[in-house]
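Heads up: the structure comes next, in structure tokens.
The values are calculated or read from the model by the stated rules, or taken from the named source; none is laboratory data. This is a predicted model, so every value here is computed, not measured. So basically every Cβ, Gly included, is an ideal-geometry build from the backbone, and we count neighbours across all protein chains shown.
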Amino acid sequence: MNKLSNRYFANMLATDLDGTLVGDDDACEYLLSWMSRELRHFGLVYITGRHLASAHELITEKSLTWPDLLVSDVGTQIHIGPDLELDEIWQQKMNADWQPTRIKQVAETIHGLRPQELPIDCRVSFFADGSVPAQQLKNRLIEQGLNFTYIFSSDRDVDILPAGGGKGEALKYIAANYAVEGAAILAAGDSGNDSSMLTAGFPGVIVGNAQPELRQLPASHMIYRADRSYAAGILEGWQHFYGQ
């Protein structure tokens, strides 16, 4: 049984790391201090494209508050508490019908894709020479009858995830299993791989320094576009939805 299975949060921040929470050290320190001090039953969730070791390194380097839940690899793994225990139910869902070897074999036939070196294969990721080879990969995987989630961001990053994976689905799972009903939840992001959690049905904030691809999301009363950047933009978003 997961160690947080009986712990439920009434307030929750689910934030990307690079370019969102991380980028302005003073604003980051103020935000996390303010939230832990002012919000009762507060849950902190980092949802990042980094793999676990890389995320751990960044948290240590920046002396970030350790999260209650760390979601790594673009939403394909959920780690619980300081011991980084894997959420077993989510892991089983991600492992079902996941065929990374076949995905890599298909990618080898496409010019303009360079594999990203990752320590585990819970996702398969590439650097692409623009959108054309990325779309070719998506089309060929569909032709092969493979089940997957496709994410293309920053005009170069291609992530192929298990079907049902991604930051948005991970956030929905966390909200259903770790937050009280009606909890105040805010998702925060700055790039295209954050779009699924910003459109997952929870209040979301696009920080002021966001990449153009994220700014193209349709207008919604559930998405706030902050004027301020990085962690200052997150605080601006929280106060927009939930007040001081």
Take region 101-130 and flag every residue that is surrounded by 13 or more Cβ atoms within 10 Å (Cβ to Cβ) and among the polar types (S, T, N, Q). GLN116, SER125
Step by step: first the residues of region 209-244, then only those that are within 16 Å of MET197 (Cα to Cα), aliphatic (A, V, I, L, M) and in contact with a strand residue (DSSP E or B) (Cβ under 6 Å, 6 or more places away or on another chain), then the one that is surrounded by the most Cβ atoms within 10 Å (Cβ to Cβ). Which residue is that? ILE234
So the check is Cβ under 8 Å with 6+ separation or different chains; which pairs have a first residue in region 57-72 that's among the basic types (Lys, Arg) and a second one that's part of a strand (DSSP E or B)? LYS62/VAL22
Matching entry among TYR150, TYR178 (being in contact with a strand residue (DSSP E or B) (Cβ under 7 Å, 6 or more places away or on another chain), surrounded by 17 or more Cβ atoms within 10 Å (Cβ to Cβ) and among the aromatic types (Phe, Trp, Tyr)): TYR178
Test for LEU52: is it touching an Asp or Glu at 6+ places or on another chain (Cβ under 8 Å), surrounded by fewer than 20 Cβ atoms within 10 Å (Cβ to Cβ) and more than 21 Å from GLY237 (Cβ to Cβ): yes
From SER229, SER191, grab the single residue that is at pLDDT below 95 and closer than 23 Å to CYS28 by Cα. SER191
Among the numbered criteria (1) over 26 Å from PHE241 (Cα atoms); (2) out of contact with any Gly (no Cβ under 7 Å at 6 or more places or on another chain), which single criterion is violated by GLY23? (1)
